[in-house]
Amino acid sequence: YTIPVNEAFEKVQEEGFCTCPFCLMYNRLDDNELDLILGASMMEPDVRQKTNALGFCPDHMSLLFDRGKRLPLALMLESHLDSLADDLSGNMSSLFIAKTGENAAKRLEKLESSCYVCERIEYNFSRMIETAALLWQKDEGFRKKVEAAPYFCFRHYGRFIAAAKERLSKKEFGEFYKEVSAIENRYFDKLRADVSWFCKKFDYRYENEPWGDAKDAPERAKAFLSGSLHQHEDTQKASDALT
């Protein structure tokens, strides 16, 4: 996992993308998995069994449709729907219908919280975050790449800290947190000021004042708080560059 981790941190540094490097990693994994599921993997029996069981979350279902490959998607959906029909019908005799209803409720509850693509991404992404923490510990060159990152979105900042806390010594973690929190707080303070200025610009007293960096402050706040997963222009451009 060291190659994609290094590539993402280098990309935000070299190209000047104002985005979270972990979002780049996630987007690359996301794109690869969506391409695979609509390509060669689609007809593999073990993959079909998993997609039948797990289904897809609303976000990934929409992203699959956005790729425009309707036939492979329809073939996969045909299999998934047939599997669900078998799971939900059960024994409809009067003696067992209540039990069948309970099983159907459990199956639908499980389906609500599962997604084949999310599961595949999480398996690899969690290891990338662990790798980043270990690279910070062992590779002085990677520390400089971390220092050059513009920020980490809150979703991935928390996971990066947790991975480092688990794998670094207490002394190392203290140094790690001092460095990454300085990056985060610097961007956080600037973002808060930009959002505040954006709000003030709608007051007539400030209408003739320059916007500065505040015009896209709400969008940047969204990316900072929720991650830039297929949502922020800089992230998508950088993700495309990685692939």
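The values are calculated or read from the model by the stated rules, or taken from the named source; none is laboratory data. This structure is a prediction, so every number in the text was calculated from the model and none was measured. For neighbour counting, all protein chains shown are included, and Cβ atoms are generated from backbone atoms with ideal geometry for every residue, glycine included. Remember, those area values only see protein heavy atoms, side chains included, never the ligands or the DNA or RNA. Shrake-Rupley method; radii C 1.70, N 1.55, O 1.52, S 1.80 Å.
At 0.36 nm per residue, and after removing the present C-alpha to C-alpha distance, how many nm does the segment from Cys199 to Glu166 gain when stretched out fully? Spell out each step's value before the answer.
On the way: separation 33, 0.36 × 33 = 11.88 nm, distance 4.01 nm.
Stretched out fully, the Cys199 to Glu166 stretch lengthens by 7.9 nm.
First select every other residue whose beta carbon is under 11 angstrom from the beta carbon of Ala163; then total the charges, Lys and Arg +1, Asp and Glu -1.
Surrounding charge for Ala163 is +2.
Calculate for the chain the 222 nm mean residue ellipticity that helices alone would give, adding -39,500 (n - 2.57) per DSSP H run of length 4 or more and normalising by residue count, nearest 500 deg cm²/dmol.
-24500 deg cm²/dmol
Taking 19 Å as the cut-off for C-alpha to C-alpha distance, list the pairs among Lys144/Lys222; Lys138/Lys165; Lys190/Lys222; Lys11/Lys178; Lys145/Lys215 that go past it. Intermediate results must be reported in sequence, preceding the final value.
On the way: Lys144/Lys222 27 Å; Lys138/Lys165 15 Å; Lys190/Lys222 14 Å; Lys11/Lys178 23 Å; Lys145/Lys215 28 Å.
In this structure, Lys144/Lys222; Lys11/Lys178; Lys145/Lys215 lie more than 19 Å apart at Cα.
Give the angle, between 0 and 90 degrees and rounded to the nearest 10, that separates the Cα long axis of helix 45-54 from the longest principal axis of the Cα atoms of the chain.
Around 80 degrees separate the two axes.
Any chance you could look up the accessible area of Ile3 with a 1.4 Å probe, heavy atoms only, rounded to 10 Å²?
Result for Ile3: roughly 120 Å² accessible.
Keeping all protein chains in position, work out how much accessible area Leu168 exposes to a 1.4 Å probe, and write it in Å² to the nearest 10.
Approximately 20 Å² of Leu168 is accessible to the 1.4 Å probe.
Of all accessible surface on the chain at a 1.4 Å probe, what whole percent is carbon and sulfur?
53 percent
State, as an integer percentage, the relative contact order of the chain based on alpha-carbon contacts under 8 Å between residues 6 or more apart.
Averaging sequence separation for qualifying contacts and normalising by length gives 32 percent for the chain.
Considering the values (1) 23.7, 87; (2) 22.5, 76; (3) 17.9, 58, which represents Rg and Dmax of the Cα atoms in Å as calculated for the structure under consideration?
(2)
Between the stretch 202-229 and the stretch 116-136, how many Å separate their Cα centres?
Centre-to-centre (Cα) distance: 31 Å.
Just checking the chain: which Cys have no other cysteine's beta-carbon under 4.7 Å?
Singleton cysteines: Cys18, Cys199.
Over the stretch 123-190, what is the mean sequence separation of C-alpha contacts under 8 Å (at least six apart), divided by residue count, expressed as relative contact order in percent?
Normalised by residue count, the contact order of the stretch 123-190 is 40 percent.
Can you work out the accessible area per residue across the chain, with the rest of the protein chains kept in place, probe 1.4 Å, in square angstrom?
Using a 1.4 Å probe on heavy atoms only, each residue of the chain averages 56 Å².
For every other residue with a beta carbon closer than 14 angstrom to the beta carbon of Asn208, add +1 if it is Lys or Arg and -1 if Asp or Glu, then tell me the sum.
0
On C-alpha positions alone, give me the angle between the axis of helix 2-14 and the longest principal axis of the chain, in degrees, nearest 10.
40 degrees
Between Glu10 and Asp216, what's the calculated FRET efficiency when r is the beta-carbon distance and R0 is 30 Å? Round to 0.05.
Values: r = 25 Å, r/R0 = 0.82.
The formula returns an efficiency of 0.75 here.
If the label point is 7 Å along Cα→Cβ of Glu175, which residues in the stretch 120-145 have backbone nitrogen under 14 Å from it?
Within reach of a label on Glu175, which here means backbone N under 14 Å from a point 7 Å along Cα→Cβ, the stretch 120-145 contributes 134-144.
Mind jotting down the distance between the C-alpha centroids of the stretch 175-194 and the stretch 29-93, whole Å?
41 Å
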